[in-house]
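Asker: Pasting a structure here, questions to come.
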Amino acid sequence: MGPNEVLSDVSKICREVFNDQQLEINPNTRAKDVAGWDSMTNLFLIDAIEQRFKFKFTLDEIMNAGNVGELCGIVMQRGQLS
């Protein structure tokens with residue numbers, strides 16, 4: 001699975017978590033860019049990504065990921081891509 005496929009899967013997860021099928025996600029998307037992306041929905045998003053890619057983010061990874069692209073980069077490094 002390549003970077004575009006990871007971004008596509010993470011985008012689908014975001015649309016589900018934020019309950020917005022029209023939501024456009026790109027690597028530069030930040031929490032402040034998405035209505036309803038708060039600390040609670042961030043937990044749901046992280047959990048959904050972990051379940052999909054079968055790994056657990058570290059606290060440092062969660063705290064330091066500044067945008068969707070950085071989350072996808074972590075997935076590319078650590079996730080079980082299938």
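Asker: Kindly indicate the residue of segment 1-35 that is of a type in the set (Gly, Ala, Ser) and modelled with pLDDT of 95 or more and also farthest from Gln77 (Cα to Cα) among those meeting that condition.
Answerer: To start, the set of residues in segment 1-35 that are of a type in the set (Gly, Ala, Ser) comprises 2, 8, 11, 31, 35.
Right, trim to modelled with pLDDT of 95 or more and you get 8, 11, 31.
Working: Ser8: 16, Ser11: 18, Ala31: 22 Å.
Among those residues, the one meeting the criterion is Ala31.
Asker: Do any helices (runs of 4 or more DSSP H) entirely within the chain hold 1 or more residues that are surrounded by fewer than 18 Cβ atoms within 10 Å (Cβ to Cβ) and in contact with a Phe, Trp or Tyr (Cβ under 7 Å, 6 or more places away or on another chain), and if so, which?
Answerer: Numbers: elements: 3-17, 39-53, 59-64, 68-78.
Hits in the chain: 39-53, 68-78.
Asker: Of the numbered conditions (1) modelled with pLDDT under 95; (2) touching a Pro at 6+ places or on another chain (Cβ under 6 Å), Gly69 fails exactly one; give the number of that condition.
Answerer: (1)
The values are calculated or read from the model by the stated rules, or taken from the named source; none is laboratory data. A quick note: this is a predicted structure, and the numbers were derived from the prediction, not measured. No Cβ is skipped: glycine too gets one built from the backbone with ideal geometry, and neighbour counts run over all protein chains shown.
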